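Each reported figure results from applying straightforward, stated rules to the coordinates on display, with no laboratory input. The shown structure was predicted, so the numbers you read here are calculated from the model rather than taken from an experiment.
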Amino acid sequence: MVSKPDFNTLVEAHSGEIFAYLWRMMGETVDAEDCLQETFLRAFRGYARLVSGSNYRAWLYKIATNVARTQFTRRKRETMRRVEIDPAHLQSGDSLLDELDRREMLSAVMEAVEGLPYKQRASFMMRKYQGLGYDVIASVLGGTEDAARANVYQALKKLRAQFVAATEGSREEP
């Protein structure tokens, strides 16, 4: 039987990817850091009850997802991202307008993802950005693998529809 890793080992092994997931979910570094701290606090409190051999990664994602959901419910506000342009980060040959266009597109994508229903957004983030399998997503969100697949599919369908509509709308403008 495999013994449980100590809690510090779990934190060290998974904190980076859990933070990246929370950052994508929350949209702000400060909010993601707060959620990460709360995630590991809850994990520490529940660690003694965790069964050896459990899927520790899925367990941490489930806690992080619940923390993010609580944060969204509590705040109920739109997050506006202000992106500062650092001329040193401009790629050679790129103009400031090209960089602003890229930033605007990234902001539009992030805003569209934030507008998805919670389970679709979480499923999409875990699959496309974190590379998690449908089995893990199902475990985290408390559903089936088919439901996880459906959530990712529906998220992609809605995002495509939004961007097709936006692209068609921009072609009609003079």
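Near the amide H of N55, under 5 Å away, which other amide H atoms are found, from residues 5 or more places off or on another chain, if H is placed in the peptide plane?
For N55, whose amide H was placed from the backbone, there are no distant partners under 5 Å.
What's the percent breakdown of Cα-Cα distances in segment 1-77 across 5 Å bins, shortest bin first?
Cα pair-distance distribution for segment 1-77, in percent: 3, 16, 29, 24, 14, 8, 4, 1, 0, 0.
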